[in-house]
Amino acid sequence: MQKIAVLTSGGDAPGMNAAVRAVVRRGISHGMEVYGVYHGYEGLMLGQIEPMNAGSVGDIIQRGGTILYSSRSEEFKTEAGQQKGIDNLRERGIEGLVVIGGDGSFRGAQKLSDKGFATIGIPGTIDNDISGTEVTLGFDTAVNTVIEAIDKIRDTATSHERIFVIEVMGRHCGDIALWAGLSGGAESILLPEVDFEITDVISRLLEGNKRGKKHSIIIVAEGVCPASEIAQKIKEEAGLDTRVTVLGHVQRGGSPSAFDRMLGSRLGAKAVDLLRDGQSGKMVGIQRNRITAVDFADVFGSKHDIDLDMYELSKTLSI
Ligand code: ADP
Ligand code: F6P
């Protein structure tokens, strides 16, 4: 395989640039020509495909976001859109594609592979909602961003003896909430995967209040409900002074952590090696610190499970 391409798709994530850099430079080390596809699948269909060299990916390992831009494209869900993408690649003699993105992007990658175009996926999403890998690229940085915010909010929560409800991203997955809540010392963590009663949350707040604990941090994953709903119930039923912070897209940016820079570098290199070895239809991932390859079919066929032991631990530690 002499010519390959790389694209980033779906929600961007810190570490994607480290992965792009690794794909380009690993490919060059194998004597390949490497192309960058700009604006994800949208750009693939439009033929926004440019040759890359070692210098194209210089000074980006520390940058969040993606130098290749990203997109969400309904048209690529069509056969015609997918075929257009393949035609644009083949016109340039490109024989393999690395797709850096989340679950949705991998479904697009699978369609290309099913059509006979060699494709390898790198799990790049802050949500950590992809099975087949212990962690996705960007998750570690996002959790660190959230705990920095929690630490800052805790300062003002203690000063004014207030309850803060902080909403975090994750789509339908609670991992950002769980990891940041536990490491941020939140008093309550509300996850889409675990049923809860708001009356229990309020009881914990009131018991703490009686013990003199006048401030609390409640983390709610966006897949549960808007933080404002939780805050409203606390105000109505407990009369406690409550404020809301929705962290939003702050969690998607920032310079990637050392972990995510390493992960992006390792996954990018492995993806190129798999293409060179004639593989397709697989996602690279990390299991017990080893870089692995999992068929897309197995990724789609199983669900990422939240660590309920960690959830139980959070309940015993934040009292
Ligand atoms: P993520 O990759 O972060 O999960 P999305 O779910 O938005 O983000 O998917 C990114 C893009 O992948 C979509 O905008 C679309 O272009 C493509 N895609 C998603 N699902 C499919 C599918 N079933 N078939 C083909 N392409 C898809
Ligand atoms: O998938 C990553 C993510 O940040 C989710 O956590 C969030 O729900 C979604 O993307 C936001 O999508 P958009 O960037 O299109 O607003």
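Each value in this text was obtained by applying a stated rule to the coordinates, not by laboratory testing. The structure displayed is predicted, hence computed values, not measured ones. Neighbour counts run over all protein chains shown; Cβ positions are idealised from the backbone, glycine included.
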> Where the only charges are on Cβ atoms (+1 Lys, Arg; -1 Asp, Glu), what is the dipole of region 169-319 about its Cα centre, to the nearest 20 debye?
Replying inline: 620 debye
>> Which three extents, in angstrom, do the Cα atoms of the chain have along their principal axes, listed largest first?
In response: 70, 36, 34
> If you take the beta carbon distance between D307 and D87 as r and set R0 to 30 Å, what does 1/(1 + (r/R0)^6) give as a FRET efficiency, to the nearest 0.05?
Replying inline: 0.10
> Rounded to the nearest 20 Debye, what is the dipole magnitude of the chain about its Cα centre when Lys and Arg each give +1 and Asp and Glu each give -1 at the C-beta?
Replying inline: 800 debye
>> Taking only Cα atoms of region 1-117, what ratio of Rg to Rh do you get with Rh as the Kirkwood inverse-distance radius?
In response: 0.94
> Among the DSSP beta bridges whose two residues both lie in the chain, what percent are antiparallel, rounded to the nearest 5?
Replying inline: 25 percent
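Given the rule -39500 (n - 2.57) for each run of at least 4 DSSP H residues, summed and divided by the residues of the chain, what is its mean residue ellipticity at 222 nm, to the nearest 500 deg cm²/dmol? Spell out each step's value before the answer.
Values: 11 runs with 138 residues, N = 319.
Calculated from helices alone, the mean residue ellipticity at 222 nm is -13500 deg cm²/dmol.
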>> Students often get this wrong, so check it: of K235/K303; K3/K77; K213/K303; K282/K303; K115/K270, which have C-alpha atoms separated by over 28 Å?
In response: K235/K303; K213/K303
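Please state, rounded to one decimal and in Å, the Kirkwood hydrodynamic radius that region 142-252 gives when every pair of distinct Cα atoms enters the mean of 1/r.
On the way: mean 1/r = 0.0734 Å⁻¹.
Value: 13.6 Å, from the Cα pair sum.
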> How much space per residue, in cubic angstrom, does the convex hull of the C-alpha atoms of region 64-205 take up?
Replying inline: 139 Å³
